[in-house]
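For reference, the structure is listed below as structure tokens.
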Amino acid sequence: MNATPRVLAVLDDILASASPERGALWHLAEAGRELDANLVRLPAGAEVGVHQEDVLDVLLVVLEGAGRVRVGGGDIVLSPSTVVWLPRTSRRALSAGPDGLTYLTVHRRRPGLAVKPPSGAYEGGEGPCMLDRVCLECGRLSEDPAPIFCSRCGERFPER
């Protein structure tokens, strides 16, 4: 089967019609893809707390606004058209400037989540009490026991 290149989104159109609220404005959702991409908006002063991606490198491209990526060696200043490589295992936090921050992240797609019964008599998997820590937008399990925003896509977790 041959894949056919096509336009998936026009980011200027999405940005022009999106609300100024925080969250994922768009994400790559095509079946069979090997990449993931998320268009995320943070309002003025908002932050994505310190987190670490252990498996994937992430490319972050700033489209609008300004902000900072806090890393071990200091801050990386973000402005429109800045491209930042966030290598796997790097710890970082993002903060939006006074005009907010809108950025695109691109990374290799994670393998799908699968529930496999463990060997032996025990039948189960992750406890159901952890379901409130799974981002409804991108499916990431938060390490934070009471997450407010997803560290991958910026989506707000439902109120508890």
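Overview of results
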{"quantity": "For residue 144, residues with placed amide H under 5 Å, excluding near neighbours", "calculated": "none"}
{"quantity": "Residues of the chain: accessible area per residue with a 1.4 Å probe, Å²", "calculated": "63 Å²"}
{"quantity": "Highest-first arrangement of 30-41, 80-91, 2-13, where packing means the average Cβ count within 10 Å", "calculated": "30-41, 80-91, 2-13"}
{"quantity": "Interchain or long-range residues, amide H under 5 Å from residue 155's placed H", "calculated": "24, 150"}
{"quantity": "Ellipsoid semi-axes in whole angstrom, largest first, where each is sqrt(5λ) of the Cα gyration tensor of segment 1-80", "calculated": "26, 19, 11"}
{"quantity": "Interchain or long-range residues, amide H under 5 Å from residue 44's placed H", "calculated": "100"}
{"quantity": "Note, ³J(HN,Hα) from phi for segment 35-52, Karplus 6.51, -1.76, 1.60, rounded to Hz, x at Gly and Pro", "calculated": "10, 10, 8, 9, 9, 10, 10, 10, x, 3, x, 6, 9, 10, x, 4, 8, 9"}
{"quantity": "Phi-based couplings in Hz for segment 97-110 (Karplus 6.51, -1.76, 1.60; Gly and Pro marked x)", "calculated": "x, x, 9, x, 8, 10, 9, 10, 10, 9, 7, 4, 6, 6"}
{"quantity": "Using θ = phi - 60° and Karplus 6.51 cos²θ - 1.76 cosθ + 1.60, couplings along segment 81-95 (whole Hz; Gly, Pro as x)", "calculated": "6, 6, 10, 10, 9, 10, x, 4, 6, 7, 8, 7, 9, 10, 9"}
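The values are calculated or read from the model by the stated rules, or taken from the named source; none is laboratory data. Note that the structure is a prediction, hence the values are computed from the model and not measured. Heads up, the Cβs are rebuilt from the backbone with ideal geometry, glycines too, and the neighbour counts pull from every protein chain shown. All accessible areas refer to the heavy atoms of the entire protein, side chains included, with ligands and DNA or RNA removed. Shrake-Rupley method; radii C 1.70, N 1.55, O 1.52, S 1.80 Å.
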